[in-house]
1. Determine which member of the set 114, 129 is touching a residue at least 12 places away in the same chain (Cβ under 8 Å), more than 10 Å from residue 15 (Cα to Cα), assigned to a loop (DSSP other than H, G, I, E, B) and out of contact with any strand residue (DSSP E or B) (no Cβ under 6 Å at 6 or more places or on another chain).
2. For residue 108, only one of the following conditions fails: (1) crowded, with 16+ Cβ neighbours inside 10 Å; (2) modelled with pLDDT under 95. What is its number?
3. When you go through 4, 22 one by one, which is the residue that is touching a strand residue (DSSP E or B) at 6+ places or on another chain (Cβ under 7 Å), surrounded by fewer than 17 Cβ atoms within 10 Å (Cβ to Cβ) and closer than 16 Å to residue 153 by Cα?
4. Does region 153-175 contain any residue that is touching a residue at least 12 places away in the same chain (Cβ under 8 Å), part of a loop (DSSP other than H, G, I, E, B), more than 20 Å from residue 10 (Cα to Cα) and in contact with a helix residue (DSSP H, G or I) (Cβ under 9 Å, 6 or more places away or on another chain)?
5. Return the residues of region 114-124 that are crowded, with 20+ Cβ neighbours inside 10 Å and farther than 15 Å from residue 151 by Cβ; say none if nothing qualifies.
6. Count, please, the residues in region 125-167 that happen to be crowded, with 17+ Cβ neighbours inside 10 Å and under 20 Å from residue 24 (Cβ atoms).
7. Those residues that are outside any helix (DSSP H, G or I) and under 21 Å from residue 160 (Cα atoms), I need them from region 43-74; list them, please.
8. Looking at region 81-100, which of its residues are free of Cβ contacts under 8 Å to residues at least 24 places away in the same chain and under 21 Å from residue 10 (Cβ atoms)?
């Protein structure tokens, strides 16, 4: 883990896949045909902690989902790239519009469609239940599964690598005596 801190320290953007990373990969349909997804609030707080520290967050997914739009809006994640079949193509957009170099992008993905972007971003990360081909491309495999705290784990790793973790979490801890 300590050998990875210098690598994560260069992170300027955390780019996230959705299904299998922000969720556990399960898609549920109601009898009306509506799609349901579950997101971890712990992952959400991790994303907020990064944003407080000035680290950008973005999402890229091969699917289109109103639930993803809603969750990203709640968490102030931007940009959000949906219905992207060739995920590596968003790297040029990020470099040009956000002025972030690909070597400073930490990308979390879990399946074959993510390999193209893992090949070109600086910090490819995956989860334990990803496919072997993705694990072989990852610099880091989280302890937690997607939708179960993996994103929070990476957020904390990024903050710790930049020596920002303590100061950021202190924004949530009241130090005044309220007797």
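The values are calculated or read from the model by the stated rules, or taken from the named source; none is laboratory data. Since we're looking at a predicted model, the values are computed, not measured. Cβ atoms come from the backbone with ideal geometry, glycine included; neighbour counts cover every protein chain shown.
1. On the way: 114 fails: assigned to a loop (DSSP other than H, G, I, E, B).
Result: 129 is the single residue among 114, 129 that is touching a residue at least 12 places away in the same chain (Cβ under 8 Å), more than 10 Å from residue 15 (Cα to Cα), assigned to a loop (DSSP other than H, G, I, E, B) and out of contact with any strand residue (DSSP E or B) (no Cβ under 6 Å at 6 or more places or on another chain).
2. Residue 108 satisfies every listed condition except (2).
3. Unique residue meeting the criteria: 4.
4. no
5. Selection gives 117, 118, 121.
6. 21
7. Result: 53, 54, 55, 56, 57, 58.
8. At the first step, the residues of region 81-100 found to be free of Cβ contacts under 8 Å to residues at least 24 places away in the same chain are 81-83, 89, 92-93, 95-97, 99.
Matches in region 81-100: 92, 93, 95, 96, 97, 99.
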